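The values are calculated or read from the model by the stated rules, or taken from the named source; none is laboratory data. Computed from a prediction, not measured in an experiment: that's the story for all the values here. Backbone-built Cβ (ideal geometry, glycine too); neighbour counts: all protein chains shown.
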Amino acid sequence: MIIDFHTHIFPDSLAPRAIETLAKRSALVPYTDGTAKCTLKKMDEFSVDKSVCLNIATKPTQQRKINDFMKDIMNSSYGERLIPFGTVHPDATDALDEIQYIKDSSIKGIKLHPDYQNFYADDKKMDGIYDVASQLDLPIIFHAGYDIGMGCPIHCTPLMIKKIAKRFPKLTVIAAHFGGNGMWNDALELTSELENVYYDTAFPWNLDKITAKKLISKKGADKILFASDCPWDSPKRIIDFIDSLQISSKEKELIFAENAKNLLNL
């Protein structure tokens with residue numbers, strides 16, 4: 001079984017514009033058209049059983065629209081295979097209420113992208129959001145490290161992830177892109193031993209096999225979640241990358257599906 005913990009879908013009416021804008025910004029060629037239907041088609045092509053779908057609110061007013069879209073996906077015929085996460089915006093006055101709405105809607109977690117949402121991940125103004133998510137047992141997945149579509153400054157570093165995880169030891173923190181895209185030595189040093197921090201494998205930009213194996217070995221395969229960042233990277237490429245590493249079959253089973261199943265109670 002394979003569960004992709006990091007994919008992106010958009011409403012059919014918005015997908016063409018969203019994909020075009022993001023493709024221009026990142027200079028990447030998308031693997032899907034951004035719709036749920038096309039994502040499922042690619043999942044079949046690459047033998048992916050389930051995918052966690054992520055979206056972010058870039059404006060406070062977008063929270064409920066995005067979360068309702070994710071709720072609709074979950075309750076549709078796609079819901080057997082697509083697992084939506086919700087989102088909140090740090091500047092929304094009702095962000096804490098929206099987290100409760102996410103929980104009440106049976107949405108599995110929250111996605112934050114500090115670069116696109118223009119906040120530093122360890123800013124104390126975020127503590128209310130982290131505290132409520134922790135109390136409601138909702139994991140938060142962060143874009144961590146460099147974003148090729150945004151550049152600097154980097155709003156979520158391994159050091160910031162460490163500060164959050166230490167302040168909120170009961171919060172499940174998922175640091176995307178192997179703990180911090182392009183900042184893997186920092187991830188190894190700062191967050192690899194924190195029990196409440198997971199890494200996902202999405203879009204490992206320029207990550208070599210030796211460093212990837214070090215990250216898995218030090219973090220522990222039980223804290224690594226297979227992820228692609230589809231449509232911005234190919235699930236097959238990441239599957240092949242993980243398969244090429246000199247790690248055990250049991251470790252691969254944990255990474256490809258078992259960790260996600262345990263984390264999301266699937």
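Overview of values
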read-out	value
Unique residue being among the hydrophobic types (A, V, I, L, M, F, W, C) and in contact with a Ser or Thr (Cβ under 7 Å, 6 or more places away or on another chain) when the list is 57, 18, 23	57
Which listed residue, of 247, 154, 255, is among the hydrophobic types (A, V, I, L, M, F, W, C) and not in a loop (DSSP other than H, G, I, E, B)	255
Any hit, segment 226-236, residues being in a strand (DSSP E or B), closer than 20 Å to residue 114 by Cβ and among the hydrophobic types (A, V, I, L, M, F, W, C)	no
Unmet criterion (only one of (1) modelled with pLDDT under 95; (2) crowded, with 21+ Cβ neighbours inside 10 Å; (3) assigned to a helix (DSSP H, G or I); (4) of a type outside the set (Phe, Trp, Tyr)) for residue 204	(3)
Selection from segment 161-182 of residues that are surrounded by fewer than 24 Cβ atoms within 10 Å (Cβ to Cβ), in a loop (DSSP other than H, G, I, E, B) and touching a strand residue (DSSP E or B) at 6+ places or on another chain (Cβ under 9 Å)	171, 172, 182
Matching option when the condition is in contact (Cβ under 8 Å) with a residue 24 or more places away in the chain, at negative phi and touching a helix residue (DSSP H, G or I) at 6+ places or on another chain (Cβ under 8 Å), among 228, 234	228
Candidate set from segment 207-223 (those that are outside any helix (DSSP H, G or I) and not acidic (Asp, Glu)); member that is farthest from residue 139 (Cα to Cα)	207
Of all residues making up segment 183-201, the number that are surrounded by 24 or more Cβ atoms within 10 Å (Cβ to Cβ) and either more than 17 Å from the chain's Cα centre (by Cα) or small (Gly, Ala, Ser) (or both)	1
Criterion (charged (D, E, K, R) and touching a residue at least 12 places away in the same chain (Cβ under 8 Å)) met by exactly one of 91, 97	91
Residue 202 vs. criteria closer than 15 Å to residue 156 by Cα, among the aliphatic types (A, V, I, L, M) and in contact with a strand residue (DSSP E or B) (Cβ under 6 Å, 6 or more places away or on another chain)	no
Cβ-Cβ under 9 Å pairs, at least 6 apart or on other chains, segment 106-135 side in contact (Cβ under 8 Å) with a residue 60 or more places away in the chain and closer than 19 Å to residue 53 by Cβ, far side assigned to a loop (DSSP other than H, G, I, E, B) and of a type in the set (Asp, Glu)	116/147; 117/91
